[in-house]
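Undergrad: This is the structure I want to talk about, given as structure tokens.
The values are calculated or read from the model by the stated rules, or taken from the named source; none is laboratory data. Here the structure is a predicted model, which is why all the values come from computation and not from measurement. In this analysis, Cβ positions are derived from the backbone assuming ideal geometry, glycine residues included, and neighbour counts consider all displayed protein chains.
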Amino acid sequence: MFACFYVSLQPIVSFIAMIGIFLNYWVQKYYLFNRYKRPVPGTDFINDALYQIIYLGPLVYSFGSLTWSNFDPKGSPP
């Protein structure tokens, strides 16, 4: 949601978010294979939260675009 809100202000935020997700994936994979443990089975809470994030992403992006375009009296930031 943070990346969706600020991507209209600074497009590099989307690339930083993708790098963060990629690094998080590899760190989780490293810990899983080096500790030889299966993760604790999750509940439906995580799936429901991710669905909400996916569905609310465009809304948050639109809200961020509206916020940052109206923040500067001349329109969009330079």
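Undergrad: Among the residues of segment 40-48, are any surrounded by 10 or more Cβ atoms within 10 Å (Cβ to Cβ) and among the hydrophobic types (A, V, I, L, M, F, W, C)?
TA: no
Undergrad: Just name the residue that is farthest from the chain's Cα centre (by Cα) out of those in segment 44-70 that are modelled with pLDDT of 80 or more and either over 25 Å from V7 (Cα atoms) or among the small types (G, A, S) (or both).
TA: The extreme case among them is D44.
Undergrad: Moving on. Can you tell me which of S14, S8 is in contact (Cβ under 8 Å) with a residue 12 or more places away in the chain and closer than 22 Å to S65 by Cβ?
TA: Testing whether each residue is in contact (Cβ under 8 Å) with a residue 12 or more places away in the chain and closer than 22 Å to S65 by Cβ leaves just S8.
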